[in-house]
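Single-structure report; data block below.
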Amino acid sequence: MRKAFTPLTILAAAMFAYAPIMIARAPYESTMGLVQKIFYFHVPSWFAMFTAVFVCGIQSAIFLFKRRPSADRLAFAAGEIAVLFGFMGLVTGPLWGRKSWGVWWQWDARLTMALLVQLTFIGYLLVRKYGGPGSDKLAAAMAIFGMFNVPFVYMSVNIWRTIHPPTTVIPKLPAAMGVPFWFCVAAFMLLCLLLLTMRAQLEHRRAALDALYLEQE
Amino acid sequence: MFRRVALLVLRKDVAIEVKSLEVVSTTLFFAVSCVLVFAFALVRDGSVVVDAAAGILWIAIAFSGTLALGRTFERERYAETLRALLLAPAPRAAIYVGKLLGIVLLLGVAELMLVPLVSLLFSTPFFARPLLFVGLLLTGTVGFAAVGTLFAAMLVRSRTRDIMLPILLYPITVPVIIAGVRGTAALLAETPDEPAALMWIALLASFDVVFVTLALWTFEPLMTE
């Protein structure tokens, strides 16, 4: 990964530079027009968030059962990345909603679910920051529970209400829209991967530094 | 062995509680104040907003449940009795189950008072379908307590436990609250919607199974120092 990091960063930068051109060339959606184009960044940011959520949950479980500190650091990095992409989704969503539904926020199933998962992982970061000694295990439990909670939140709010466009529209996208969409998904996933490695690397170095300080004392 | 340990832990908690009545009385008082505060917010011109009673009942359960969880484990902290419990040559999971049963029992007592109170104050026929309603209460309480007991036990050692418990607990138990409120509201509708209530009970039951299993699975590594 270390060798590939710089070329991949350049590739990601190039993809994000080219993405607006592809999006501008994509056809207008018949009812929503220009505002629908936010979809090319909105949906991929959720994809990236859920990837980070699952990385965080799985690495937390590895940390808890195998006691591998490196897994904990990767989980921490993933937790931060999840919240970051979650905020991107929560900013782009209301912008789209304001234009197409007329309101900033709707108590719709997928919005509520996204907000709840986001809250769980903000809670995770709060525990890590303010939980005091031993909070790494606490946070790991929070991440595992948060990951297993995703289907329950999904089911409960889905039955509760739904006005969001169903996710089944994605496989049915016409090619003119599908190509820029999947291009954006790839760009976001790459960005997610790069940020994750970078953030985890920082945590590894910090841990190594702490170990050196301890040795000195 | 497993069952005996769990029942012993439960018996210990019940004995302490019966003697002091500390958690039961404070939890009940808090639950009643909760109901009153919500009544001021949701009663307009003498009548209640639709479905408000279901919401008030479950919010009171969740809030007073958090308080009870905090208090129960605070007691274990005073003389480091939780550490003593964990040092005992007994399966850790059994200790968790014993604690869980204690919390469920405590919340059950609180609900025994809360349900008639809400029913009286808001004239809601909770017991039009008694079996379904009790099923909702039971599965909901177990789900809330399963997550709460684990988190409260972990937080015993943390300095910031008072603030951390709600932060950890509410986002995770939101499905319980949604299912509890919507299921109860379905039963309170003019013509009780039994299939809807059953569906919510099924969701709650699966939540219970998943989260009790997860808690049993993670209790051991989480409580090891």
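Quick check on segment B:163-173. Is at least one of its residues touching a helix residue (DSSP H, G or I) at 6+ places or on another chain (Cβ under 7 Å), hydroxyl-bearing (Ser, Thr, Tyr) and at pLDDT 85 or above? Even if it seems obvious, please write down each step before you answer.
Step one: of segment B:163-173, the residues touching a helix residue (DSSP H, G or I) at 6+ places or on another chain (Cβ under 7 Å) are B:164-169, B:171-173.
Filter once more, so that each one left must be hydroxyl-bearing (Ser, Thr, Tyr): B:173.
Narrowing further to those that are at pLDDT 85 or above: B:173.
Scanning segment B:163-173 turns up at least one residue that is touching a helix residue (DSSP H, G or I) at 6+ places or on another chain (Cβ under 7 Å), hydroxyl-bearing (Ser, Thr, Tyr) and at pLDDT 85 or above.
Taking the residues in segment B:114-141 that are out of contact with any helix residue (DSSP H, G or I) (no Cβ under 8 Å at 6 or more places or on another chain) and within 19 Å of B:Thr191 (Cβ to Cβ) as candidates, determine which candidate is least open to solvent (accessible area, probe 1.4 Å).
Looking at residues that are out of contact with any helix residue (DSSP H, G or I) (no Cβ under 8 Å at 6 or more places or on another chain) and within 19 Å of B:Thr191 (Cβ to Cβ), I get B:Pro130.
Yes or no: B:Thr213 open to solvent by 60 Å² or more (accessible area, probe 1.4 Å), more than 21 Å from B:Thr81 (Cα to Cα) and modelled with pLDDT of 90 or more? Give the derivation first.
Details: open to solvent by 60 Å² or more (accessible area, probe 1.4 Å): yes; more than 21 Å from B:Thr81 (Cα to Cα): yes; modelled with pLDDT of 90 or more: yes.
Spelling it out, B:Thr213 is indeed open to solvent by 60 Å² or more (accessible area, probe 1.4 Å), more than 21 Å from B:Thr81 (Cα to Cα) and modelled with pLDDT of 90 or more.
Looking at segment B:8-25, I want the residues that are buried (at least 18 other Cβ atoms within 10 Å of the Cβ) and have a partner that is assigned to a helix (DSSP H, G or I) and among the small types (Gly, Ala, Ser) with Cβ atoms under 7 Å, at least 6 apart or on another chain. Which pairs are those?
From segment B:8-25, the pairs are B:Val9/B:Gly98; B:Leu10/B:Gly98; B:Leu10/B:Gly102; B:Asp13/B:Gly102; B:Val23/B:Ala68.
Between A:Met113, A:Met142, A:Met155, A:Met88, which is touching a residue at least 12 places away in the same chain (Cβ under 8 Å) and at the interface with chain B (Cβ under 8 Å from one of its Cβ atoms)?
The unique qualifying residue is A:Met142.
Checking B:Ile61 against (1) under 18 Å from B:Ile177 (Cβ atoms); (2) buried (at least 19 other Cβ atoms within 10 Å of the Cβ); (3) touching a helix residue (DSSP H, G or I) at 6+ places or on another chain (Cβ under 6 Å), only one condition comes out false. Which one?
B:Ile61 satisfies all of (1) under 18 Å from B:Ile177 (Cβ atoms); (2) buried (at least 19 other Cβ atoms within 10 Å of the Cβ); (3) touching a helix residue (DSSP H, G or I) at 6+ places or on another chain (Cβ under 6 Å) except (3).
Take B:Leu132 and decide whether it is free of Cβ contacts under 8 Å to residues at least 60 places away in the same chain and under 17 Å from B:Leu204 (Cβ atoms).
Numbers: free of Cβ contacts under 8 Å to residues at least 60 places away in the same chain: no; under 17 Å from B:Leu204 (Cβ atoms): yes.
For B:Leu132, the condition - free of Cβ contacts under 8 Å to residues at least 60 places away in the same chain and under 17 Å from B:Leu204 (Cβ atoms) - is not met.
Can you pull out every residue in segment A:116-139 that is in contact with a Gly (Cβ under 6 Å, 6 or more places away or on another chain) and within 8 Å of chain B (Cβ to nearest Cβ)?
Hits for segment A:116-139 are A:Thr120, A:Leu138.
Within segment B:196-207, identify whether any single residue is at the interface with chain A (Cβ under 7 Å from one of its Cβ atoms), in a helix (DSSP H, G or I), more than 20 Å from B:Tyr96 (Cβ to Cβ) and modelled with pLDDT of 85 or more, and answer yes or no. Reasoning before the result, please.
Applying the first criterion (at the interface with chain A (Cβ under 7 Å from one of its Cβ atoms)) to segment B:196-207 yields B:203, B:207.
Now restrict to residues that are in a helix (DSSP H, G or I): B:203, B:207.
Now narrow it down to the ones that are more than 20 Å from B:Tyr96 (Cβ to Cβ): B:203.
Filter again for modelled with pLDDT of 85 or more, leaving B:203.
Yes, because at least one residue in segment B:196-207 is at the interface with chain A (Cβ under 7 Å from one of its Cβ atoms), in a helix (DSSP H, G or I), more than 20 Å from B:Tyr96 (Cβ to Cβ) and modelled with pLDDT of 85 or more.
Output the number of the condition that A:Tyr124 fails; it satisfies all remaining conditions of (1) hydroxyl-bearing (Ser, Thr, Tyr); (2) buried (at least 23 other Cβ atoms within 10 Å of the Cβ); (3) in contact with a Phe, Trp or Tyr (Cβ under 7 Å, 6 or more places away or on another chain).
Status for A:Tyr124: all satisfied but (3).
For segment A:63-74: of the residues being in contact (Cβ under 8 Å) with a residue 12 or more places away in the chain and either more than 14 Å from every other protein chain (Cβ to nearest Cβ) or not charged (D, E, K, R) (or both), which is farthest from A:Ala141 (Cα to Cα)? Talk me through it step by step, then tell me what you get.
First pass over segment A:63-74, keeping only residues in contact (Cβ under 8 Å) with a residue 12 or more places away in the chain: A:63-64, A:69-74.
Checking the rest, the ones that are also either more than 14 Å from every other protein chain (Cβ to nearest Cβ) or not charged (D, E, K, R) (or both) come to A:63-64, A:69-71, A:73-74.
Numbers: A:Phe63: 10, A:Leu64: 8, A:Pro69: 15, A:Ser70: 16, A:Ala71: 13, A:Arg73: 14, A:Leu74: 15 Å.
Filtering segment A:63-74 for residues that are in contact (Cβ under 8 Å) with a residue 12 or more places away in the chain and either more than 14 Å from every other protein chain (Cβ to nearest Cβ) or not charged (D, E, K, R) (or both), the one farthest from A:Ala141 (Cα to Cα) comes out as A:Ser70.
Under the condition of being among the hydroxyl-bearing types (Ser, Thr, Tyr) and either touching a Pro at 6+ places or on another chain (Cβ under 7 Å) or more than 11 Å from chain A (Cβ to nearest Cβ) (or both), which residue from segment B:142-191 is most open to solvent (accessible area, probe 1.4 Å)? If you could, list the steps in order and put the result at the bottom.
Looking only at segment B:142-191, we keep the residues that are among the hydroxyl-bearing types (Ser, Thr, Tyr), and these are B:149, B:158, B:160, B:170, B:173, B:184, B:191.
Add one more test, that the residue is either touching a Pro at 6+ places or on another chain (Cβ under 7 Å) or more than 11 Å from chain A (Cβ to nearest Cβ) (or both), and what stays is B:149, B:184, B:191.
Working: B:Thr149: 1, B:Thr184: 1, B:Thr191: 112 Å².
Among those that are among the hydroxyl-bearing types (Ser, Thr, Tyr) and either touching a Pro at 6+ places or on another chain (Cβ under 7 Å) or more than 11 Å from chain A (Cβ to nearest Cβ) (or both), it is B:Thr191.
The values are calculated or read from the model by the stated rules, or taken from the named source; none is laboratory data. Bear in mind that the values here come from a model prediction, so they are computed numbers and not experimental data. Every residue, glycine as well, gets a Cβ built from its backbone with ideal geometry; the counts of neighbours run over all protein chains shown. Calculation scope for accessible area: heavy atoms of the full protein, side chains included, ligands and nucleic acids excluded. Shrake-Rupley method; radii C 1.70, N 1.55, O 1.52, S 1.80 Å.
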